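Heads up, the thing below is written out as structure tokens.
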Amino acid sequence: MLNSLIIKNFLRNIKNYALYIFALIFSVSLFFSLLLLTLDENVSDEITGNSGLSSLFSVGAIVMVVIISLFVMFANMIFIKRRHREIALYQLIGMSRRKVFGVLALENFIIYFGSLVGGIALGFLISRLLMMALLKIMRVDMLVSMSFSFTAVWITALVFIVVFIILMIQNYVFLRNASLIRLLNLNKTSESVGKPVGIGTIIMGIIGLAMIGYGYYMSSNLFESAMDNPVMLPVNMMLILFLTIAGTYITFKYSVTFLLNLVRRSKNGHVNVNDVLSVTSVMFKMRSNAFLLTVITVITAISITAMSLSYISYYSTEKMLDSTDPYDYIVYSEEDLDFYDELLNDEGVAIERIEKSFIHFPIAPKEDDEDPGDAEEPLNYSLVVASDNEFEGFDVNENETHVTGDLAILDLFMNFEKGDQVTFTGDDDFRRTVEVTAIDDGAILPSHVSFGLPTVIVDETVYRQLMENQHESETMSDAPTNLYAFNIPGGDSDEIYEMMDDESNPAFESRLQSYNEAVQMTGMLTFIIGFLGFAFLLTSGCILYFKQIDECENEKGSYSVLRKLGFSEGEILRGLGLKMLITFGIPLIIGLLHTYFAVQSGWFIFGIEMWTPMLIVVGAYTVLYSIFALISLGYYKKVVKASI
């Protein structure tokens, strides 16, 4: 009889565990497939060995373990609290706590190890798809084959045995501390019945919003302020984290209640069923779930920020090369250029020789340029100066200059804008001022020649004046003043690179090789961070869904009352739809705001374009996140239909 009751209860609860089991299986499959990629020798030799990023897969797997562990612990606590009456009933009919613990352990064993087997099977099937996606992102041409690793199976099984033991400890502690009376009264204090919104809530609500706002202000000026006092950079970063995280918690605890109360009071007592089911309901539930919502919001912000920054790097790879390696190949002397000209001509490959000269010349700093360390005397920058006669496509007037290779990150040190005056300073108080008439982020010289700084192009007449008035230190320095490079008119290829790549040949720099290394590095980072971001999304979305299931079951009686009062199913669902919009929308909106200010503060370190890659990531995350809100609404719809 008892065993029959236990089995019936388990089968009745299994439908509520459906999404949980799916999420668990999918999490196992992601972890297992990541292990397969890590342990695959062909993958290691072809990708990770070449790019020096072999440890990224291992780090990703470790982070996946942390994500899965936190997810199952959160979900387990939600479900065990939801079954408080069932557990109390077991004790009322004479079952000891040890036996109740055994029942829960048996159920968890079936769920977790069933999910483990299913996850390993699914992980094996999707590992090939993931490998194909990774190779596509990294633009590596390699035959993908199915591979199975028993080592990966044992590691996955060991990880989930440890997670299972942690869950059993969690269940044991809960049962030991939960008396029969506490279990029966666990949910009698409704979350929707909260304290009235008083002056304390209003003050704390304003403080929470002010903390987030000030954190955003600090992040907007993070690196600018660091130029004045570099020592304060880590301090300011920690302060920003504290303000935004603590402010987020206070916002959920007080600010949301305060703002939604303003909305409710604006109705002047004329509230409808939509207000009751959404605004009034959410007001106090968010207060009681403030910690959980803060965790989800912070995780969302971290995930989208990391994915955005990694995708900015990947998205900007080719444009970054235009600013650092503008030519197919760069050599270091005219003899080297002659060598490769002859070598490639013998192989039937024509080249376009490029030989340019330039000078290094100091410029006087502008008033708004940052001067690290607040030195008493202004710091002069020495820039590469080239003549418009030397480079095709430029025709600069005598009192003008064209700035090239101007990246966003350089704005921290020097900022060029159209109309700015650039003053060259030389020997014997020589000064020559020209006006900036054009700015381009594309480079005409490689970064190792310009030392990562912009190159300015001037008229031939001005260029000759500068050559005649160079500082002696500039003319005697070891800085390069000649460029030797060549392009492949028919397009570069790996075959051409292999012709040149011999230890006995002169050294050279290859744009194609730099591109391959950069795209593999940024591609792998984007893949792994996106992989982990998806796992964060899956777990946080599921936790919000489980909370909605719990609230829906507790409010089931309210829906029956509303139906008996004459409210239609559609009217109730409209109110519940608004509730889902607020419940899922507020954490997402706050997380997106955190993301924007975090990305905006330092995106220029990772690439040269922010908006397009960031909006792609934000759009994809929002669409996937919204699915959980729709699934939750679907569950509410089913309950409302059955309420009468």
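Here, each number is a calculation from the coordinates, and none is a lab measurement. A quick note: this is a predicted structure, and the numbers were derived from the prediction, not measured. Every residue, glycine among them, receives a Cβ derived from its backbone with ideal geometry; neighbour counts consider all protein chains shown.
Loop only by DSSP, 13 or fewer other Cβ within 10 Å of the Cβ. Give me the trypsin sites (Lys or Arg not before Pro) in region 220-303 that pass, ordered by residue number.
Loop-located and lightly packed - Lys267.
Output ³J(HN,Hα) for region 619-632: one whole-Hz value per residue in order, computed from phi by the Karplus curve 6.51 cos²θ - 1.76 cosθ + 1.60 with θ = phi - 60°, and x for Gly and Pro.
With coefficients 6.51, -1.76 and 1.60, one gets x, 5, 5, 5, 4, 5, 5, 5, 4, 5, 5, 5, 5, 4 Hz.
Over the chain, what is the percentage of antiparallel beta bridges among all DSSP beta bridges, to the nearest 5?
Here the antiparallel bridges make up roughly 75 percent for the chain.
With +1 assigned to the C-beta of every Lys and Arg and -1 to the C-beta of every Asp and Glu, and no other charges, what is the dipole magnitude of region 1-189 about the Cα centre in debye, to the nearest 20?
With only Lys, Arg, Asp and Glu charged at Cβ, the dipole is about 1480 debye.
Using the per-residue mean of other Cβ atoms lying within 10 Å as a proxy for protection, in what order, highest first, do the peptides 204-212, 418-426 fall?
Sorting 204-212, 418-426 by mean packing, highest first, produces 204-212, 418-426.
Under unit Cβ charges (Lys, Arg +1; Asp, Glu -1), what dipole magnitude, rounded to 20 debye, does region 352-487 have relative to its Cα centre?
460
Taking the chain as the reference, fit the longest principal axis to its C-alpha atoms, fit the long axis of helix 199-220 to the helix C-alpha atoms, and give the angle between the two in degrees, 0 to 90, nearest 10.
Value to nearest ten degrees: 20.
If I fit a long axis through the Cα atoms of helix 54-82 and take the longest principal axis of the Cα atoms of the chain, what angle between them do I get, 0 to 90°, rounded to 10?
With both axes taken from Cα atoms, the answer is about 20 degrees.
Ordered by residue, what ³J(HN,Hα) values in Hz, to whole numbers, does region 601-608 give under the Karplus form 6.51 cos²θ - 1.76 cosθ + 1.60, where θ = phi - 60° and Gly and Pro are x?
6, x, 4, 5, 6, 9, x, 10
Using Stokes-Einstein with the Kirkwood hydrodynamic radius over Cα pairs, what translational diffusion coefficient do you get for region 352-487 at 37 °C and a viscosity of 0.692 mPa s, in µm²/s rounded to a whole number?
It diffuses with D of about 215 µm²/s by this estimate.
Dipole of the chain, Cα-centred, from +1 at each Lys and Arg C-beta and -1 at each Asp and Glu C-beta, to the nearest 20 debye?
So the dipole magnitude of the chain works out to roughly 10380 debye.
Distance between the C-alpha centers of region 126-185 and region 203-264? Whole Å please.
Taking the Cα centre of each part, region 126-185 and region 203-264 sit 35 Å apart.
Find the centroid of the Cα atoms in region 294-342 and in region 511-537, then give the distance between the two in whole Å.
Cα centroid to Cα centroid, the span is 11 Å.
In nm², what is the average projected area of the convex hull enclosing the Cα atoms of the chain?
38.0
Positive end of the charge dipole of the chain (Lys, Arg +1 and Asp, Glu -1 on Cβ, about the Cα centre): tell me which of Val561, Ile240, Gly118 has its Cα farthest that way.
Val561
Using +1 at the Cβ of each Lys and Arg and -1 at the Cβ of each Asp and Glu in the chain, identify which of Gly575, Ser278, Leu11 lies farthest towards the dipole's positive end.
The residue sitting farthest along the positive end of the dipole is Leu11.
Taking H placed 1.01 Å from N in the peptide plane, check which residues at least 5 places from Ile359 or on another chain put their amide H under 5 Å from its amide H.
Correct list: Val385.
Report, to the nearest 10°, how far helix 233-250 tilts away from the longest principal axis of the Cα atoms in the chain, using its own Cα long axis and a range of 0 to 90°.
The two axes meet at around 30 degrees.
Starting at the first residue of region 561-576, write each ³J(HN,Hα) from the Karplus equation 6.51 cos²θ - 1.76 cosθ + 1.60 with θ = phi - 60°, in whole Hz, x for Gly and Pro.
5, 4, 5, 5, 7, x, 6, 7, 4, x, 5, 5, 5, 5, x, 5
Starting from the amide H of Tyr381, placed 1.01 Å from N in the peptide plane, find each other amide H under 5 Å away whose residue is 5 or more places distant or on another chain.
When sequence neighbours closer than 5 places are left aside, the close amide H contacts are Ile363.
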